[in-house]
1. May I ask you to list the residues in the stretch 102-132 that are touching a strand residue (DSSP E or B) at 6+ places or on another chain (Cβ under 8 Å), under 15 Å from THR67 (Cα atoms) and without any contact (Cβ under 8 Å) to a residue 60 or more places away in the chain?
2. Collect the residues in the stretch 151-177 that are open to solvent by 20 Å² or more (accessible area, probe 1.4 Å), under 23 Å from ALA101 (Cβ atoms) and either out of contact with any strand residue (DSSP E or B) (no Cβ under 9 Å at 6 or more places or on another chain) or of a type in the set (Val, Ile, Thr) (or both), keeping them in residue-number order.
3. Quick one: which of GLY59, GLY29, GLY22 is open to solvent by less than 60 Å² (accessible area, probe 1.4 Å) and either of a type outside the set (D, E, K, R) or on the phi < 0 side of the Ramachandran plot (or both)?
4. Condition first: of a type in the set (Phe, Trp, Tyr) and either touching a Gly at 6+ places or on another chain (Cβ under 8 Å) or within 18 Å of ALA100 (Cα to Cα) (or both). Can you find one or more residues in the stretch 193-205 that meet it?
5. How about the stretch 65-86: which of its residues are of a type in the set (Ser, Thr, Tyr) and surrounded by fewer than 24 Cβ atoms within 10 Å (Cβ to Cβ)?
6. Any residue in the stretch 174-198 that is on the phi > 0 side of the Ramachandran plot sitting within a Cβ distance under 6 Å of a residue that is open to solvent by less than 40 Å² (accessible area, probe 1.4 Å) and of a type in the set (Val, Ile, Thr)? List the pairs, counting only those 6 or more apart or interchain.
7. Checking ASN99 against (1) more than 19 Å from THR66 (Cα to Cα); (2) touching a helix residue (DSSP H, G or I) at 6+ places or on another chain (Cβ under 8 Å); (3) open to solvent by 10 Å² or more (accessible area, probe 1.4 Å); (4) polar (S, T, N, Q), which single condition isn't satisfied?
Amino acid sequence: MLSAETSATEKRAAFRAGLASGRLLRFPGAFSPLVSLVIEELNFDGVYVSGAVLSADLGLPDIGLTTLSEVAQRGRQIARVTNLPAIIDADTGFGEPMNAARSVAEFEELGLAGCHIEDQVSPKRCGHLDGKQLVATVEMTRKLKAAVDARLDSNFAVIARTDARAVEGLDAAIERARAYADAGADVIFPEALEDAGEFDSAQQLELGGG
């Protein structure tokens, strides 16, 4: 198979419909096109291109050493062969707001259905490691607004990841999540929650935004 039969536009629309359905969507991680084909064969809902796993595949630690070119190339290879929507880990957006904007434009052009951008300083650390540091909320909202404005297809999902739980606590993570939604993020990804109760609190948030 040289390429998927489903267009990028159709895959993004399917991802949006899945999000709106209220179902739990299952997006196993893939670091290669072959793995993404196995995920599709097993009837999952989509493919997740993990930054940590991609770094490991390149023999690198997950501390923000991969470049936009490396990540985008792997994302293109994966999105090209699968009929499932694929979302990709964009770390901190590879720089400042305009870098995040360019990242979104690249990922959209290469057929991805969405990406997530996190609120750590650069160089970042794996979300489950100690010693993380966060950018100010206002800095992250500027990055998200630039990312949202850069997309041409409104169905391309801009996902805001916050690592605040382990650094500032759950309440701060919730406040950041609200600010990120107001900045236009389509989905909130609260990293490293500690128990089922915290997941319930995050799930019950009534967020504005896109």
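The values are calculated or read from the model by the stated rules, or taken from the named source; none is laboratory data. Since the model is a prediction, treat every value here as computed from it, not as a measurement. So basically every Cβ, Gly included, is an ideal-geometry build from the backbone, and we count neighbours across all protein chains shown. Note: areas computed on protein heavy atoms with side chains; ligands, DNA, RNA excluded. Shrake-Rupley method; radii C 1.70, N 1.55, O 1.52, S 1.80 Å.
1. SER103, VAL104, PHE107, CYS115, ILE117
2. Once the filter is applied, which keeps residues that are open to solvent by 20 Å² or more (accessible area, probe 1.4 Å), under 23 Å from ALA101 (Cβ atoms) and either out of contact with any strand residue (DSSP E or B) (no Cβ under 9 Å at 6 or more places or on another chain) or of a type in the set (Val, Ile, Thr) (or both), the stretch 151-177 yields LEU152, ASP153, SER154.
3. None of the others qualify; the one that does is GLY29.
4. Quick first cut of the stretch 193-205, residues of a type in the set (Phe, Trp, Tyr) only: 199.
Still in the list and also either touching a Gly at 6+ places or on another chain (Cβ under 8 Å) or within 18 Å of ALA100 (Cα to Cα) (or both): none.
No: zero hits.
5. First, the residues of the stretch 65-86 that are of a type in the set (Ser, Thr, Tyr): 66-67, 69, 82.
Answer for the stretch 65-86, where residues must be of a type in the set (Ser, Thr, Tyr) and surrounded by fewer than 24 Cβ atoms within 10 Å (Cβ to Cβ): THR66, THR67, SER69.
6. Listed pairs, sorted by first residue: GLY184/VAL148.
7. Among (1) more than 19 Å from THR66 (Cα to Cα); (2) touching a helix residue (DSSP H, G or I) at 6+ places or on another chain (Cβ under 8 Å); (3) open to solvent by 10 Å² or more (accessible area, probe 1.4 Å); (4) polar (S, T, N, Q), the lone unmet condition for ASN99 is (1).
Residue by residue, here is whether (1) in a loop (DSSP other than H, G, I, E, B); (2) at pLDDT 95 or above holds:
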{"residue": "ASN83", "(1), (2)": "yes, yes"}
{"residue": "ASN99", "(1), (2)": "no, yes"}
{"residue": "GLY111", "(1), (2)": "yes, yes"}
{"residue": "PRO123", "(1), (2)": "yes, no"}
